[in-house]
């Protein structure tokens, strides 16, 4: 099953989606707007934004959305002009639609909304019923309207042709505003939206029923929505028996709405010919005291919430009997519920604002078994920040809340309530009185026993208002409708503040609540101004963007395809390793309410106050500084299926209290739909090696363990620049964690790789003294810019090298350069180093009787383009010079290959591999020739610390001070490379 | 609603405001200002006092600087006890900040262990964790962990990284559901000014009848005087992390939530002043 999305809005109006294959809430790509309602289906998501306008977010697909506009050009024959646009007065328009009833001249076609773009100009359709017409595309008939044929006959008095023009929808993957309607009853600001109905009819393709409710309680249906026209064309008002607050539409023919008075209305007569239905039936709420506030339907289910926040399941609802048979109460308090496309259901918890998923919903048991909290964290929470608060990602490990059972969630004791009240009282002095009044009414505090005597009058009003706030958080005061039931504003604040602010214990949350209430109190006139109040709470969003977990306000599972047996990663806390079969703690819900637990929490709070409050200015003993670099790369999976897979990487560095910086490099990947990670400590890395001769910009990370296993971590970046950025950052991290700074010491060990890259390692003082000397592959080697063939050093810090072009170089003591440029390098003693090197590749051919020598080898043969050994494939295109070096020639045939060549450069042999000779004999079945290409290492970025030194006078031959063995090396260099190499006793500048 | 993870956070982020003063006995080149720090309760003195050390060394001659040790009201402070325990045990009644005297000479050989590098702290910390896991899971969990997990525990503590530490430590806090708790609860009971360093015995979280043991049960067995009979006045304070949990608190829960990072429940029993 392909992954699909669950959509949700948090209390700040930010839209997130959670993939069935994922475990993180991802912020909507288009963050420009805040939303209050969403209605999603697979292909798109409709929403009401904070401006109360409707937007649609269409997922981009491989097939672009085209809409074909067409119009007909009609002509009549007359004896004078032949066919002309002079029609009879009784005739149709000269430009009309297919029926001839609507006047449609070409120039009156306009784009329906800014989201569309003309794809072509008008052109004539030269087809009729699948058959080509003559040029010009005319079809003929005796008269309008009649049967049109492509052939002109003697009695063809009229003709017409079809003009076509395509427009393309350009607003995929973003929120596109549905244009305001200029004609007809213009809906006032929208309040709720529902999408569904795709199972009623296949025609036209992608048909959707979109229903919307305005703040005045009117219901509108959006006409003509289909794949070609995702926005639909216009709103049609649907009469309702009362003012509607909320509407829901299932995938099939179920459509329900909630009336302001709390009844449910169910639409009757929806079918493929009439997706709008014909009449309403009223269903009474489960109990008349507490009317319905929110409802959601699927194919065969109906879930609803009543004013007392209880969740109800309607028994026996199906297409044949949309009104159902009876109510079942779920013992949980929720803000809203939403049914998905196959009757799975989600809800938002009343107190905790978590999203719950109904577990165990199957066709035999639509009501499901239990509520499970979705503990997925948000994508951006993974980015750990400075400080300790949420660096969950630091170890790639997440632990979330234990799943709570519904029966245990809503329990709330007296103690709890009064302590919440105390907290509130401090923060909101102006409603102290009110709280006093409410305190006698535990019903509204979330207790919900209902057996405590309280004034039903006040309670009902409170519940009314509370509901409005619950279902439309932050938008509460945005319409007259919602303010109406507030007979006594002071009373109305209390339930909201008590219920919302208290349990959350979140100062910011209180501010919002407060500001809304103030608006309501201070100026009733202001509350009727939709725009000013509607966006009011969002203004203070910046103050609490760092909330620790999302508090949800609305969700839509209409596009989310999950089955009862679907494996989801939403509910378990995630870690790199699979969880053992052990439980972490006693079920929290059992212990949560107990006195000793409360007392511990209380004492801990007191302790913090006592020990911290007056001492906040003291310095922290342990500095918390975390520094992170993140990115996307590809990783060569070192196990099946052995291929490059996309990964996210993060380098996290922190400073220990000894001032030493340490780092961990994380690679996050998905395998079998499971999120995993691997990590390397920066102090474990032994070497970072760029791999140049490949199609990808890749590098390898070695640790002692991985060297042993011969499996370095191989990573590839998209650009070369990115690769060198990462190499530089990682190298620095390694140096930091090993406390390596500045240039290599005099005792440093130098080496060159077969590619000419130079690496240096700092020996530890006890390297030689140790009983078990450290092998070189366990030392840390850092790269130093430059390109050399041979390098030698002595204990005095004098370092010599010889390039591939046989130039001798000496190290001047600078550091940095190469890809370290600008990061941590000295500006002194950095020079440009040049080198020239030739790379060789071989073109191999085999003889066969038909074509002679050709590049068609035997299956067992080597690559037709290879290195000298034939083991590695080396093509002209993919052979690259080393880092930051450039080709200075094109590929040319090397006629000087050892063994001699013929006039085309070929060398012949009986078979691969064998000895090659430069002439063809009768026994030679294979041949090869060598191609060469020269690269040059003197690019602009190649700043280096090896200083050309051929001008240094030769003072002495023989051993370098302190290192006798070197004498032989120097001598051999002399022989092979034909250059005279010497050394000096005078220390070079800046080297002591 | 606060959940138990918040308890873990509160415990982890407990801080003691401390004033370090150089001992009068030390020879300085100029007056040494006191140094103020917020010490993490769950950490160890040697891990968090680098700043203070540097501060005082600035005013001292290099040859006068010996191994650093700390003293509070005449009591040398054991570096291998968590800071929170030292404070609860010796200074719970003091006014804050906690005044600690810093010494660089006259190391009290008989009372303190030497601690020349942080490796000593690490070794001690890891051995405590291993001992605790031996009690809890017959060492199964700690032995199954990789070296880097051990390192992560240590680094988490050293760098005060709650999440890094708990990502691994939670495994040490798991137990088979059917058993309802650890095998034995790793705990140590301390008294101020007692020759005996601490009380540590085997104690199961669940009674033989299957009831969860609570703190009161533990104390009745280990230190009966701390559980006053109903009609008697309280003689002792039982302090963990600066708070006095109710005697009804299940020890299993305490072990999971109020243990120090070394996985031990360090309980201080402080005599109440008599009138």
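Here, each number is a calculation from the coordinates, and none is a lab measurement. Values in this document were obtained by computation on a predicted structure and should not be read as measured data. Positions of Cβ are generated from backbone atoms using ideal geometry, with glycine treated the same way; all protein chains shown enter the neighbour counts.
Only counting other Cβ atoms within 10 Å, I'd like A:29, B:118 sorted with the fewest neighbours first.
Result, fewest neighbours first: A:29, B:118.
Mind checking B:38-44 for the average number of partner chain beta-carbons within 10 Å of each residue's beta-carbon?
3
Please arrange A:654, A:925 by how many other C-beta atoms lie within 10 Å of their C-beta, fewest to most.
Listed from fewest to most nearby Cβ atoms, that is A:925, A:654.
What order do you get for A:607, B:30, A:927 when you list them from fewest to most C-beta neighbours inside 10 Å?
Starting with the residue having the fewest Cβ neighbours, the order is B:30, A:607, A:927.
Which of the peptides A:747-755, B:237-245 is most tightly packed, and how do the rest follow, judged by the mean count of other Cβ atoms within 10 Å per residue?
Going by the mean number of other Cβ atoms within 10 Å, highest first, we get B:237-245, A:747-755.
By how many nm would the segment from residue A:614 to residue A:858 lengthen if fully extended, with 0.36 nm per residue of separation less the alpha-carbon distance?
Here the answer is 79.5 nm.
How long are the semi-axes of the equivalent ellipsoid of chain B, taking √(5λ) for every eigenvalue λ of the Cα gyration tensor, in whole Å from largest down?
Value: 34, 23, 16 Å, ordered largest first.
Once the Cβ-Cβ distance between residue B:209 and residue A:640 is put in as r, and R0 is 45 Å, what FRET efficiency do you end up with, to the nearest 0.05?
FRET efficiency, residue B:209 to residue A:640: 0.30.
When you look at the Cβ of every residue in B:235-248, what mean number of other chain Cβ atoms sits within 10 Å?
Across B:235-248, the average partner-chain Cβ count within 10 Å equals 3.
Find the eigenvalues of the gyration tensor of the Cα atoms of the stretch A:39-110, then list the square roots of 5 times those eigenvalues as equivalent ellipsoid semi-axes, largest first, in whole angstrom.
One finds semi-axes of 44, 15, 9 Å for the stretch A:39-110.
What is the distance, in nm, between label points placed 7 Å from the Cα along the Cα-to-Cβ direction at residue A:78 and at residue A:331?
8.7 nm
State, to one decimal in nm², a quarter of the convex hull surface area for the C-alpha atoms of the stretch B:42-195, i.e. the direction-averaged projected area.
11.3 nm²
Taking the Cβ-Cβ separation of residue A:188 and residue B:179 as r and a Förster radius of 60 Å, what is the calculated FRET efficiency to the nearest 0.05?
That gives a FRET efficiency of 0.40.
Counting only the backbone N, which residues of the stretch A:908-937 are under 15 Å from the spot 7 Å out from the Cα of residue A:888 toward its beta-carbon?
A:933-937
Taking every residue in A:609-615, how many Cβ atoms of other protein chains lie within 10 Å of its Cβ, on average?
Averaged over the peptide's residues, the number is 5.
How high is the FRET efficiency between residue A:113 and residue A:876 when r is their beta carbon distance and R₀ equals 56 Å, given to the nearest 0.05?
It comes out at approximately 0.60.
Please give the peptides A:778-786, A:595-603, A:82-90 ranked by average Cβ packing (other Cβ atoms within 10 Å per residue), highest first, as a rough proxy for protection.
By packing density, highest mean first, the sequence is A:778-786, A:595-603, A:82-90.
Ranked highest first by average number of other Cβ atoms within 10 Å, how do B:107-115, B:51-59, A:247-255 line up?
A:247-255, B:51-59, B:107-115
Could you check the spin-label model distance between residue A:120 and residue A:226? Points 7 Å from the Cα along Cα→Cβ, value in nm.
Spacing of the two 7 Å Cα→Cβ label points: 2.0 nm.
Restricting things to Cα coordinates, could you compute the convex hull volume per residue of the stretch B:225-275 in Å³?
84 Å³
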